[in-house]
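> Dropping the structure in here first, questions after.
The values are calculated or read from the model by the stated rules, or taken from the named source; none is laboratory data. Bear in mind that the values here come from a model prediction, so they are computed numbers and not experimental data. FYI the Cβ positions are ideal-geometry reconstructions off the backbone, even for glycines, and counts take in every protein chain you see.
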Amino acid sequence: MARGRGFVSRWVVDGLELPREVVMDLPRISIIGDGQVKLENYRGLLEFSPDLVRIKLARGELAIKGDGLAIKSLFPEELTIEGKIAGLSFEE
Amino acid sequence: MLGELLTRYLRGYVSIKISGKNPEKLLNLALNHGIPLWNLRRKHDGLEAQLQAAHFRKLRPLVRKTGNRPRLQKRGGLPFQMKRLGKRRGFVAGAFLFVVLLYTLSSFIWFIEVNGTVTMDRAEILSAARELGLKPGRFQRMIELEEVERGLLARVPGLAWVGITLSGTKAMIKIVEKKILLQDEARIPGDLVARADGLIDDLIVLNGQAVVVPGATVREGQVLVRGLKELPDGSVEAVKAYGIIKARVWRTVVAEVPLEKTTEVPTGRTWRLKTLKIGPIQVILRKGRDPGFARYDELEERKPFRLGPVPFPVEIRIVTRYELRPEKRSIDLEEARQEAIKAAFFQLGRVLREGSVVVERRIDVSQPRPDLVRAEVVVETTEDIGMFRPALQGTPPESSPPQPSAAH
């Protein structure tokens with residue numbers, strides 16, 4: 001991860017009020033209650049089991065812990081996970 | 001979301017089971033090849049997923065690459081259903097027949113309704129319509145409505161207008177009857193008599209002979225204008241008296257208002273009963289414990305079910321009772337006065353006739369009892385007090401006192 005690029009893009013985002021996730025290649029995550037997580041801009045699936053889903057991001061990974069997790073839809077541009085969600089954590 | 005589901009259904013989808021180690025690898029491969037998957041579920045012996053039927057072929061080589069094995073579990077959606085239906089010819093034929101029958105049957109006329117009859121017999125109009133071709137079981141397109149309308153007007157005497165509209169399988173015949181004017185009415189001989197006691201102001205006699213003069217006091221029922229006409233040869237003919245007789249009339253109305261009134265006010269407690277009525281059967285849906293109100297107002301709501309324009313013999317009835325309690329209310333003298341006067345004028349409005357002009361009025365308010373206020377309103381009006389009274393048939397009016405005849 002180049003430090004210079006991060007600085008420039010952050011400056012561009014703040015200055016031009018562009019959507020951060022587009023410019024900086026960050027995932028956009030929306031959570032509805034504790035039942036659904038919707039993820040845009042992800043890179044792939046690392047692990048899928050009923051109590052843990054690990055998702056590869058442009059930088060690091062996202063772990064979703066829960067119970068009875070299922071993937072509602074797995075589309076190239078969007079991923080939706082349903083089930084009883086206990087927590088989300090970003091890992092390097 | 002709904003659009004997506006519909007697309008899945010229309011295009012057809014398959015459920016597959018992927019067994020083997022590390023199915024995540026396969027999922028990532030599918031992602032990279034742009035194959036959307038949905039409803040993924042992890043099972044102890046693999047992974048279940050759904051995808052578009054057309055994509056299954058594309059997935060197969062990927063599966064081999066990862067060393068997993070996909071198994072087709074279920075096919076769903078319209079294309080597969082159609083295939084299955086193809087094998088059930090009887091069912092398809094039945095469904096088709098049903099649609100055709102429904103369409104055919106709904107293009108006939110099954111019901112005929114007649115509206116607007118007052119003195120006429122509906123059956124007469126129905127049978128005339130039947131003769132003209134408008135009867136249950138006829139194909140709608142074979143009936144020329146305008147022709148039937150014209151035919152009914154020609155066939156049934158006494159019809160002023162006929163309009164037929166089709167609504168579904170029902171034909172509605174709307175008719176208007178002719179009003180037959182009694183032409184003889186104008187020729188019935190008779191007198192003008194006073195409608196009320198009064199003082200004659202002015203009279204314009206258009207037909208007949210005046211009996212009173214301006215300034216005369218008349219009593220109710222007294223003859224004002226006789227229905228007589230002198231012919232050039234000296235004989236007398238009975239005619240219908242006609243004229244305008246302006247007179248002053250005094251009228252008194254009295255209204256009383258008690259100073260203490262008992263009214264019923266709602267206590268706020270209500271009781272509600274919900275019933276469902278299907279034809280003649282009533283089912284209680286919900287009912288609170290009947291608190292047994294001594295006095296109550298009842299409000300009944302009916303909500304009939306309808307299927308489009310067709311009423312259904314099912315309705316929901318909601319009965320709500322509002323408990324009331326009596327409350328004594330006393331009003332002060334001024335309020336009672338106003339109310340009494342208002343009530344008196346209200347009565348007056350019912351007594352006075354159209355065209356009456358109030359010339360003078362007097363209002364007296366008294367208190368005949370300590371708890372009662374009485375308002376007396378006396379008005380002087382000028383109005384036309386002439387009232388036609390037909391003479392008895394066959395006997396021309398004589399100059400004798402008027403006989404009590406059939407009142408107008």
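> For the structure I just gave you, tell me whether B:Phe96 is surrounded by 11 or more Cβ atoms within 10 Å (Cβ to Cβ) and away from chain A (no Cβ under 14 Å). Spell out the reasoning first.
Numbers: surrounded by 11 or more Cβ atoms within 10 Å (Cβ to Cβ): no; away from chain A (no Cβ under 14 Å): yes.
Taking the combined requirement at face value, the residue does not satisfy it.
> Quickly run through region B:127-141 and pick out the residues that are among the basic types (Lys, Arg) and surrounded by 16 or more Cβ atoms within 10 Å (Cβ to Cβ).
If the condition is that a residue be among the basic types (Lys, Arg) and surrounded by 16 or more Cβ atoms within 10 Å (Cβ to Cβ), then B:Arg138 is the only one that fits.
> Looking at B:Arg325 and the list (1) of a type outside the set (Asp, Glu); (2) in contact with a Gly (Cβ under 6 Å, 6 or more places away or on another chain); (3) at pLDDT 85 or above, which single condition is not satisfied?
Just one mismatch for B:Arg325, condition (2).
> Count, please, the residues in region B:12-60 that happen to be at the interface with another protein chain (Cβ under 9 Å from one of its Cβ atoms), part of a strand (DSSP E or B) and of a type in the set (S, T, N, Q).
1
> If only one of A:Val53, A:Val23 is under 28 Å from B:Lys21 (Cβ atoms) and either at pLDDT 95 or above or more than 9 Å from chain B (Cβ to nearest Cβ) (or both), which one is it?
A:Val53
> If a residue must be under 18 Å from B:Pro266 (Cα atoms) and of a type in the set (Lys, Arg), how many such residues does region B:316-361 contain?
4
> Here is a further query. Hey, can you tell me all the residues within region A:65-92 that are of a type in the set (A, V, I, L, M, F, W, C) and more than 13 Å from chain B (Cβ to nearest Cβ)? Before the answer, list the steps.
First, the residues of region A:65-92 that are of a type in the set (A, V, I, L, M, F, W, C): A:69-71, A:74-75, A:79, A:81, A:85-86, A:88, A:90.
Scanning region A:65-92 gives A:Ile85, A:Ala86, A:Leu88, A:Phe90.
> A further question on this structure: Look at A:Lys38 and say whether it is among the basic types (Lys, Arg) and either away from every other protein chain (no Cβ under 13 Å) or farther than 24 Å from B:Leu26 by Cβ (or both). Show your work before the answer.
Numbers: among the basic types (Lys, Arg): yes; either away from every other protein chain (no Cβ under 13 Å) or farther than 24 Å from B:Leu26 by Cβ (or both): no.
Judged against the criteria, A:Lys38 is not a match.
> Working only within region B:127-149, note down all residues that are part of a helix (DSSP H, G or I) and either touching a residue at least 40 places away in the same chain (Cβ under 8 Å) or of a type outside the set (S, T, N, Q) (or both). Explain how you work it out, then say what you get.
The initial filter retains those residues of region B:127-149 that are part of a helix (DSSP H, G or I), namely B:127-131, B:140-142, B:145-149.
Those that are part of a helix (DSSP H, G or I) and either touching a residue at least 40 places away in the same chain (Cβ under 8 Å) or of a type outside the set (S, T, N, Q) (or both): B:Ala128, B:Ala129, B:Arg130, B:Glu131, B:Arg141, B:Met142, B:Leu145, B:Glu146, B:Glu147, B:Val148, B:Glu149.
> Can you tell me which of B:Glu124, B:Glu113 is surrounded by 10 or more Cβ atoms within 10 Å (Cβ to Cβ), acidic (Asp, Glu) and not in a helix (DSSP H, G or I)? Break it down into steps so the answer makes sense when it comes.
Values: B:Glu124 fails: not in a helix (DSSP H, G or I).
Of the residues listed, the single one that is surrounded by 10 or more Cβ atoms within 10 Å (Cβ to Cβ), acidic (Asp, Glu) and not in a helix (DSSP H, G or I) is B:Glu113.
> Could you tell me whether region B:268-281 includes any residue that is without any contact (Cβ under 8 Å) to a residue 40 or more places away in the chain and surrounded by 12 or more Cβ atoms within 10 Å (Cβ to Cβ)?
Of all residues in region B:268-281, those without any contact (Cβ under 8 Å) to a residue 40 or more places away in the chain come to B:278-281.
From the residues that got through so far, the ones that are surrounded by 12 or more Cβ atoms within 10 Å (Cβ to Cβ) too are B:278.
Yes, region B:268-281 contains at least one residue that is without any contact (Cβ under 8 Å) to a residue 40 or more places away in the chain and surrounded by 12 or more Cβ atoms within 10 Å (Cβ to Cβ).
> Okay, next question. Which residues, counting only those in region B:231-242, are surrounded by fewer than 17 Cβ atoms within 10 Å (Cβ to Cβ) and assigned to a strand (DSSP E or B)?
At the first step, the residues of region B:231-242 found to be surrounded by fewer than 17 Cβ atoms within 10 Å (Cβ to Cβ) are B:231-237.
B:Val236, B:Glu237, listed by residue number.
> So which residues in region B:248-298 are of a type outside the set (A, V, I, L, M, F, W, C) and in a loop (DSSP other than H, G, I, E, B)? Full working, then the answer.
Of region B:248-298, the ones of a type outside the set (A, V, I, L, M, F, W, C) are B:248, B:251-252, B:256, B:258, B:260-264, B:266-270, B:272, B:274-275, B:277, B:279-280, B:282, B:286-292, B:295-298.
Within region B:248-298, B:Gly279, B:Pro280, B:Gly288, B:Arg289, B:Asp290, B:Pro291, B:Gly292, B:Arg295 qualify.
> On to the next question. Taking B:Ala255 as meeting all but one of (1) within 30 Å of B:Glu335 (Cβ to Cβ); (2) at pLDDT below 85; (3) small (Gly, Ala, Ser), write down the number of the exception.
For B:Ala255, the exception is condition (2).
> Still on this structure, please answer the following. Return the residues of region B:150-172 that are part of a strand (DSSP E or B) and of a type in the set (Ser, Thr, Tyr); say none if nothing qualifies.
Narrowing region B:150-172 to residues part of a strand (DSSP E or B): B:159-167, B:170-172.
Answer for region B:150-172, where residues must be part of a strand (DSSP E or B) and of a type in the set (Ser, Thr, Tyr): B:Thr165, B:Ser167.
> Can you name every residue in region B:84-107 that is in contact (Cβ under 8 Å) with a residue 12 or more places away in the chain and in a helix (DSSP H, G or I)? Please lay out each step first, then the result.
Going residue by residue through region B:84-107, those that are in contact (Cβ under 8 Å) with a residue 12 or more places away in the chain are B:105-107.
Correct list: B:Leu105 only.
> Further question on the same structure: Could you check, for region B:65-85, whether at least one of its residues is of a type in the set (Lys, Arg), surrounded by 14 or more Cβ atoms within 10 Å (Cβ to Cβ) and within 14 Å of another protein chain (Cβ to nearest Cβ)? Give the steps one after another, and end with the answer.
Our first condition is that a residue be of a type in the set (Lys, Arg); within region B:65-85, this holds for B:65, B:69, B:71, B:74-75, B:83-84.
Going one step further and asking which of them are surrounded by 14 or more Cβ atoms within 10 Å (Cβ to Cβ), we end up with B:75.
Filter once more, keeping what is within 14 Å of another protein chain (Cβ to nearest Cβ): none.
The answer is no; no qualifying residue exists.
> Hey, B:Leu101 hits all of (1) closer than 21 Å to B:Val310 by Cβ; (2) touching a Ser or Thr at 6+ places or on another chain (Cβ under 8 Å) but one; which does it fall short on?
(2)
> Same structure, new question: For the list (1) of a type outside the set (Ser, Thr, Tyr); (2) under 27 Å from B:Leu199 (Cα atoms); (3) at pLDDT below 90, I need the number of the one condition that B:Leu372 fails.
Only one criterion in (1) of a type outside the set (Ser, Thr, Tyr); (2) under 27 Å from B:Leu199 (Cα atoms); (3) at pLDDT below 90 is unmet by B:Leu372, namely (2).
> Further question: Out of the residues in region B:378-408 that are out of contact with any Ser or Thr (no Cβ under 7 Å at 6 or more places or on another chain) and of a type in the set (Val, Ile, Thr), state the one that is modelled with the lowest pLDDT.
Looking at the filtered set, the residue picked out is B:Thr395.
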